[in-house]
Structure formats: structure tokens, C-alpha cells
Amino acid sequence: MDDMLGPRELAALRASLAAVAPEARWTALDAAVDALAPLSLRARTDLVAEALIGDLGDGYGRVASVFRAALDDPGFSGWQLWPVTETAVTLALRDGSGQAFDDALGLLAELTPRLTSEFAIRRLLVRDLDRALPVVTSWCAHPDPKVRRLASEGTRPYLPWAIRVPELITRPTATLLILDALHDDPDEVVRRSVANHLNDLARHAPDEVVATAARWTETGTPGSAWVVRHGLRTLIKKAHPGALELLGFPPAAVEVTDLRLAEPSVRLPGELAFGAVVTNQGEDDARLAVDYVIHYVKANGALAPKVFKLGTLVLAPGQSRRIAGRHAFRQMTTRRHYAGAHALELQINGTRHGRAAFDVLA
């Protein structure tokens, strides 16, 4: 991923900017090319942004005009634009005026169709969330779906790769106007962003999220239904009663029997196959959200549960059905597996059932 911003991208960036700023000598940008190799993508972005300021100067207005002029070049796009957006924000904040702040927001909206401005906008939100939010909210009516997506994605509380905006966490309702405006957007990419934003909010404001999802459910549109399901996915795994009820999974009288593992141990890398029988002991049909829980061994030897989705089913009164699943154990950058005694449980409509122990072998 680091190579997404490499010498080729910097050469294209230099060409696009040189066409509209012929007086620049590009010594800093040329030097940055030679320094890229050992750096991460984020560090490369910061290095190139510093080089652009070195070559173009630190006056926000002039540099912004150069970037806007470069938009006439279709080649002014892709990962080369991440340092461009960061440069614009750095200079606007350095300028310190409300005019530069507002203009930078507008410039990010102009640039985001070429490459998302969702990372650069975060520093503007940190500086003055109340000034930025009305502008960002106005983008919900923008004709370009990439700008509408920026309104939702750029304000996510836990946007991956991005810096945190503390006020987005301490003020969980601050972005609800944006989500309300976009949850039924005609563009799937925008709706997906709204669902992920809602799921972010669920980490620290679950009750507000369920109330919001309930309002959207009343609209009855297909787009809203998908956004609600996807936006509540973490709360479903955490067995939040309101989320389960909203999606049609109320408490159910079920029995889990014959929970079996195909093997008593898994050698890395490998898979664990498992199965069980689920019976509806209630007097009505039972709509069931079936998940499974892996209790992982951590580095300190303690167990840490993580919930995974298995599926849904409907059982008539007294009906039984055998369910089965497989879980992969492979070392990943996001999860390190440790040898030791693990365990598996089923979770049905938020309630844990059964427990089977197994070993993971290095």
C-alpha cells in the first residue's frame, strides 16, 4: 500500500502542477521522490505535503488557486491528491482566518471526486467542528455522490486511517442531521458510508443509534432497511436488546444440543468445523439470529471473546434443525493467534448457548 504514492504518482503530480505554476522550480518535490522508499504511505503523504509548501509557498490563497487550476487536467487524480488535500488544510489552518477555513472546506469538496478528502478534512473538524458542520451538512444535497459520501465518511467517529475528532465522540448526535439526510441516498456507496457511520456511533452511543434506526425503519424503503441492518451489526453481536428487537429477533425459547467440534484441536494455519442442533421450545415461530463466539487466547493467557455471524433461520414450534459452520485460524496483521485452550459458544438472539473447548497448536 505504501507504493500507492510512489515516484510515478509524484511525477504525474509534478506535471499537473507545473502546467499551472510554471514559475515553481520543484526542488523540494524532486528531493521528496528520493526519500520515499523507506516511508509508510502516511509518512510519504506528509513528506510530499511539506515539499509542496516548500515549492509553492505558504500562502493559502495562491496555493489553493494552483490546485483549482490543476483540476482542469484529468490526470490530476488518484493517490497523488492525498498530499494535495493535506497541503490545503495545513495552509488554511496556518492562515487562521475564517475565510481560509471555509474555502478549504470548499476545495476539499472539489477535490474529493478525484480522491477522497475524508482524511484531510479531519483536521478542520478538530479545529472548529461547529463552523465546519453546517458546510458539510449542505453537501448532502450535492449532485455528486462522492461529495455526499464525504459528508458522511469524513465525519465518522472512528474513520480508519484517520485522526480522531474528539467532539464527534463526546457529541454523538452532532452528525445525525447528515445521516438522516443520506440514509436513503440513491447511491449505494453513500448508503454504505452511512451504515458504517451508524455502526461507529454504536460503539459509544448505542441507544441513540437504535432510536435513529427505528425512525429510518418507519420509512420502509429498501435502502433504509439495508442501512439499518448493516449499521446495527455490532450491536447485534453485542446482544443489544433494542437492536435485536428492531431487526425482528426478540428473546426466544430455544435449546442447543449436540454441540460438536470436528476435531479437538486446530494446528495453525487451519480451520475449525463445528455443528449443533437448535430446537424451538416456544409456542410460536421463532426467528433466530445465529452467531458463534470464539474465545481467543491472548498474549497474557487470558481469554477474549469475539462474535462472528453464522446466519438466520426460522423454526416452527417444536422444530429442530442442525446448523454447521467453519472458522479459519490464520495469522493476520489484524489478529495474532496464540497457542492454548480456546472455546466456542453459540449466540442466538443475543443469548449464549453451549460451550466446547478446543486447543490451538502453533
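Some points to look at:
- Inter-residue pairs, beta-carbon under 9 Å, first under 19 Å from L105 (Cβ atoms) and outside any helix (DSSP H, G or I) and in segment 52-68, second of a type in the set (A, V, I, L, M, F, W, C) and open to solvent by less than 30 Å² (accessible area, probe 1.4 Å), 6+ apart: G59/L91
- For segment 1-51, the set of residues classified as farther than 16 Å from A88 by Cα, open to solvent by 50 Å² or more (accessible area, probe 1.4 Å), of a type outside the set (K, R) and part of a helix (DSSP H, G or I) consists of D2, D3, M4, P7, A11, A15, T27, D30, A31, D34, listed by residue number.
- Selection within segment 276-323 - polar (S, T, N, Q), in a strand (DSSP E or B) and more than 14 Å from L259 (Cβ to Cβ): N280, T312
- Matching residues, segment 201-217, being open to solvent by 10 Å² or more (accessible area, probe 1.4 Å) and not aliphatic (A, V, I, L, M): R203, H204, P206, D207, E208, R215, T217
- The residues listed here are P186, P160; of these, the one that is within 15 Å of the chain's Cα centre (by Cα) and under 21 Å from H230 (Cα atoms) is P160.
- Against the list (1) touching a residue at least 60 places away in the same chain (Cβ under 8 Å); (2) acidic (D, E); (3) outside any strand (DSSP E or B), the condition D359 fails is (3).
- Of the residues contained in segment 46-53, none is found to be small (G, A, S) and in contact with a Gly (Cβ under 8 Å, 6 or more places away or on another chain).
- Of all residues in segment 139-158 being touching a helix residue (DSSP H, G or I) at 6+ places or on another chain (Cβ under 7 Å) and not in a helix (DSSP H, G or I), the one that is nearest to E110 (Cα to Cα): H142
- Selection count, segment 305-362, where residues are over 30 Å from P251 (Cβ atoms) and more than 31 Å from the chain's Cα centre (by Cα): 5
- Hits in segment 152-170 (condition: in contact with a His (Cβ under 8 Å, 6 or more places away or on another chain) and open to solvent by less than 10 Å² (accessible area, probe 1.4 Å)): S152, T155, P157
- Here D58 clears all of (1) open to solvent by 20 Å² or more (accessible area, probe 1.4 Å); (2) in contact with a helix residue (DSSP H, G or I) (Cβ under 9 Å, 6 or more places away or on another chain); (3) under 22 Å from R114 (Cα atoms) except the condition numbered (3).
- Filter result (polar (S, T, N, Q) and more than 13 Å from V209 (Cβ to Cβ)) within segment 148-177: S152, T155, T170
The values are calculated or read from the model by the stated rules, or taken from the named source; none is laboratory data. A quick note: this is a predicted structure, and the numbers were derived from the prediction, not measured. Because the Cβ atoms are built from the backbone with ideal geometry, glycine has one as well, and the counts that use them run over all protein chains shown. Heavy atoms of the whole protein, side chains included, go into the accessibility calculation; ligands, DNA and RNA do not. Shrake-Rupley method; radii C 1.70, N 1.55, O 1.52, S 1.80 Å.
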